[in-house]
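**Q** My questions all concern the structure below.
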Amino acid sequence: MGMNIAFWVLAATATAGALMVVSMRSLFRAALGLILCFLSIAGLFITLTAEYLGIVQILIYVGAIAVLIIMSIVLTRDIEHSNVPSPYKLPAVLGALSFIGVAIWAILNTKWDNSTGMAFLPISPKTLHTESIGQMLFGQDSLVLAVEIAALLILVAVIGAISVAKEK
Amino acid sequence: MNWSLSPDWPGNFWLRLIIIAVVIIAYVMSSVIMFIWMERRVIARFQSRLGPNRAGPFGLLQAFADTVKILTKEDIIPTLADKLLFWIAPAIAFVPTLMIMAVIPLMNGLQLADLNVGVLYIAAVSAIASIGVFLSGMAGNNKYSLVGAIREIAQLISFEIPMVLAIAGLVIASGSMSVSGIIEAQNIPFILVQPLGFMIFIVAILAEINRTPFDLVEADSELTCGFNTEYSGMKFALLYLTEYSEAVVGSALIATFFLGGWRGPLLPGILWFAIKMFASFMFILWLRGTLPRLRIDQSMRLAWKGLLPLAFVNLFIIGLKSVFLPDLSLWISVPAYILISLILVMLWAMFMRKERQSFGG
């Protein structure tokens, strides 16, 4: 009951935030709508007992990515109050509609079974969610190689960004 | 004597939440009033003045008098301001500071939510507070506020990383990400076990809560009042409250993470917590009375070239110790690590000085 109310409130604010992102004239307010959307989705994660995911969502998306977007809006000239209309309206509509179609098709055709997701984890679902994520990433027979490769990728991307942005 | 709150104390889940929430809000608000009084009197002492001493005994009622004055002032909204954001920004700045207090135990068991990711929660929520301050600077449509707002974001991005790395050292040492787990692990306070982490954390938290020497966000001598230049009346009062409740939260975090939180002999936990919190704030005030304000480029250089590498070295040493020498006696490890920290800090200070000379500033 309480969870249902929480779900509907969070879902409504997430949708409202997403609508704000696409409909606001001022890009700055659109970015704020994005923050609202991220926060509500973090709330949804928490209601699904994935509190680690929810907190990380806030930390990364609200604390870093949204701040970065706001900074780039503030530092770009003449963009703050004029959201320039795109000339590609028809392709955009078609792209959006086909994406919605694929997403709905995927959601309707997935078997949403609670137990199968948990069976994938190496330890019993009784233990803490955070701990099981840690075990999967760094424990015995884990994905540690993939994690390290991802870290290397990020390092390469950072060095690439520095070399692109360096003053000649 | 065992002063603790049992986990099912009034018997009703919702009643417990409501009572603890009210206690936390009252605690934060009364601490804010005490902090304002303390700041004005102590800083006055530092500067050989008397400070406010007319309203009530020792000027204790000065904060109430100021509140009444500020609430009766005219509420001005600039014509070119973004009205909605101007209204909502002080609230966005204020609420997260209370949200952080939800995971900090005021005494054994007196904690709204014992999240198992409490430390991450603190880092995540403090970022939202900075967004509120940034918005209040943006919305006023004033160049000074805008500069203050951009400085706020720059400091948020730069000092968040060393702060989280310093806390990561605590997580490694205590083996828990929940705040009460970290307190549980402090049989001796972490300020002795991880002195370097403490130094990094205190500098980073000063920058996060915008206290001198990092109060570049409102730098009254250069930016008039920075992000809150355009605010007046009740909205200004809310921003002022935010500033001091951030100071309360910052002192509470120092007390919780490094001074052992509510733990201590004889006295009840909540009293120990308050003593440690006020001692931390006294230290912050002392810094304010001693140090001049940094320039923004100095602050950024300190964050990226000073604190960040030092935080990585700190984390590395703590990781090495907990992997290879987990059973090392405290009598050896504490003095050794204090020595290592002092050497590292001196090395870094030398490096920073050399670097400053080569930049000529």
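The values are calculated or read from the model by the stated rules, or taken from the named source; none is laboratory data. Computed from a prediction, not measured in an experiment: that's the story for all the values here. Cβ coordinates were reconstructed from backbone atoms using ideal geometry, including for glycine residues, and neighbour counts include every protein chain displayed.
**Q** Only one of (1) within 20 Å of B:GLY169 (Cβ to Cβ); (2) over 29 Å from the mean Cα position of the chain (by Cα) is not met by B:PHE316, so which one is it?
**A** B:PHE316 satisfies all of (1) within 20 Å of B:GLY169 (Cβ to Cβ); (2) over 29 Å from the mean Cα position of the chain (by Cα) except (2).
**Q** Which members of the stretch B:203-245 meet the condition of being assigned to a helix (DSSP H, G or I) and within 12 Å of the chain's Cα centre (by Cα)? Talk me through it step by step, then tell me what you get.
**A** Looking only at the stretch B:203-245, we keep the residues that are assigned to a helix (DSSP H, G or I), and these are B:203-208, B:215-217, B:220-223, B:226-228, B:233-245.
Result: B:VAL203, B:ALA204, B:ILE205, B:LEU206, B:ALA207, B:GLU208, B:THR242, B:GLU243, B:TYR244, B:SER245.
**Q** Kindly indicate the residue of the stretch A:2-52 that is within 13 Å of chain B (Cβ to nearest Cβ) and out of contact with any helix residue (DSSP H, G or I) (no Cβ under 8 Å at 6 or more places or on another chain) and also nearest to A:VAL74 (Cα to Cα) among those meeting that condition.
**A** A:SER26
**Q** When residues of the stretch B:82-115 are filtered for being away from chain A (no Cβ under 11 Å) and within 11 Å of B:LYS235 (Cβ to Cβ), how many remain?
**A** 6
**Q** Further question: Which of the following residues is in contact with a Gly (Cβ under 7 Å, 6 or more places away or on another chain) and surrounded by fewer than 20 Cβ atoms within 10 Å (Cβ to Cβ): B:ALA26, B:ALA44? Write out each step before concluding.
**A** On the way: B:ALA26 fails: in contact with a Gly (Cβ under 7 Å, 6 or more places away or on another chain).
That would be B:ALA44, the only listed residue that is in contact with a Gly (Cβ under 7 Å, 6 or more places away or on another chain) and surrounded by fewer than 20 Cβ atoms within 10 Å (Cβ to Cβ).
**Q** If only one of B:ILE183, B:ILE200, B:ILE209 is out of contact with any helix residue (DSSP H, G or I) (no Cβ under 6 Å at 6 or more places or on another chain), away from every other protein chain (no Cβ under 14 Å) and in contact (Cβ under 8 Å) with a residue 12 or more places away in the chain, which one is it?
**A** Numbers: B:ILE200 fails: out of contact with any helix residue (DSSP H, G or I) (no Cβ under 6 Å at 6 or more places or on another chain); B:ILE209 fails: out of contact with any helix residue (DSSP H, G or I) (no Cβ under 6 Å at 6 or more places or on another chain).
Answer to the check: B:ILE183.
**Q** Only one residue in A:THR13, A:THR116 is modelled with pLDDT under 80, in a helix (DSSP H, G or I) and at negative phi. Which one? Give the derivation first.
**A** Numbers: A:THR13 fails: modelled with pLDDT under 80.
Exactly one residue qualifies, and that residue is A:THR116.
**Q** If you take the residues in the stretch A:57-69 that are within 7 Å of another protein chain (Cβ to nearest Cβ) and β-branched (Val, Ile, Thr), which one is farthest from B:ARG151 (Cα to Cα)?
**A** Narrowing the stretch A:57-69 to residues within 7 Å of another protein chain (Cβ to nearest Cβ): A:58-59, A:62-63, A:67.
Within this subset, residues satisfying the condition of being β-branched (Val, Ile, Thr) are A:58, A:62, A:67.
Numbers: A:ILE58: 22, A:VAL62: 18, A:VAL67: 13 Å.
In this case the residue turns out to be A:ILE58.
**Q** Starting from the stretch B:116-131, keep only residues that are more than 8 Å from chain A (Cβ to nearest Cβ) and under 16 Å from B:SER251 (Cα atoms), then list their pairs with residues that are outside any helix (DSSP H, G or I) and of a type in the set (Gly, Ala, Ser) whose Cβ atoms are within a distance under 9 Å, requiring at least 6 positions of separation or different chains.
**A** Close Cβ pairs (under 9 Å, with a partner that is outside any helix (DSSP H, G or I) and of a type in the set (Gly, Ala, Ser)) amount to B:VAL119/B:SER176; B:VAL119/B:SER178.
**Q** Would you confirm whether or not the stretch A:50-63 contains a residue that is at pLDDT 90 or above and out of contact with any Ser or Thr (no Cβ under 9 Å at 6 or more places or on another chain)? Can you show your working first?
**A** Going residue by residue through the stretch A:50-63, those that are at pLDDT 90 or above are none.
No, the stretch A:50-63 has no match at all.
**Q** Within the stretch B:208-228, identify whether any single residue is at pLDDT 80 or above, small (Gly, Ala, Ser) and farther than 20 Å from B:ILE157 by Cβ, and answer yes or no.
**A** No, the conditions are met nowhere in the stretch B:208-228.
**Q** For the stretch B:293-352, name all the residues that are of a type in the set (A, V, I, L, M), in a loop (DSSP other than H, G, I, E, B) and closer than 30 Å to B:VAL147 by Cβ. Give the derivation first.
**A** To start, the set of residues in the stretch B:293-352 that are of a type in the set (A, V, I, L, M) comprises B:294, B:296, B:300, B:302-303, B:307-308, B:310-311, B:313, B:315, B:317-318, B:320, B:323, B:325, B:328, B:330, B:332, B:334, B:336, B:338-340, B:342-347, B:349-350, B:352.
Pick out the ones that are also in a loop (DSSP other than H, G, I, E, B) and you get B:294, B:325, B:328.
If the condition is that a residue be of a type in the set (A, V, I, L, M), in a loop (DSSP other than H, G, I, E, B) and closer than 30 Å to B:VAL147 by Cβ, then B:LEU294 is the only one that fits.
**Q** Only one of B:ALA81, B:ALA65, B:ALA21 is loosely packed, with under 15 Cβ neighbours inside 10 Å and within 30 Å of B:SER145 (Cβ to Cβ); which? Walk me through it before giving the result.
**A** Details: B:ALA81 fails: loosely packed, with under 15 Cβ neighbours inside 10 Å; B:ALA21 fails: within 30 Å of B:SER145 (Cβ to Cβ).
Result: B:ALA65 is the single residue among B:ALA81, B:ALA65, B:ALA21 that is loosely packed, with under 15 Cβ neighbours inside 10 Å and within 30 Å of B:SER145 (Cβ to Cβ).
**Q** Sticking with this structure for a sec: Being surrounded by 24 or more Cβ atoms within 10 Å (Cβ to Cβ), more than 12 Å from chain A (Cβ to nearest Cβ) and either at pLDDT 85 or above or under 16 Å from B:ALA219 (Cα atoms) (or both) is the filter here; which residues of the stretch B:134-144 pass it?
**A** B:SER136
**Q** Right, next: Which of the residues that make up the stretch B:167-202 are in a helix (DSSP H, G or I) and of a type in the set (Val, Ile, Thr)? Full working, then the answer.
**A** First, the residues of the stretch B:167-202 that are in a helix (DSSP H, G or I): B:167-174, B:179-185, B:190-193, B:195-202.
The answer is B:ILE167, B:VAL171, B:ILE172, B:VAL179, B:ILE182, B:ILE183, B:ILE191, B:VAL193, B:ILE200, B:ILE202.
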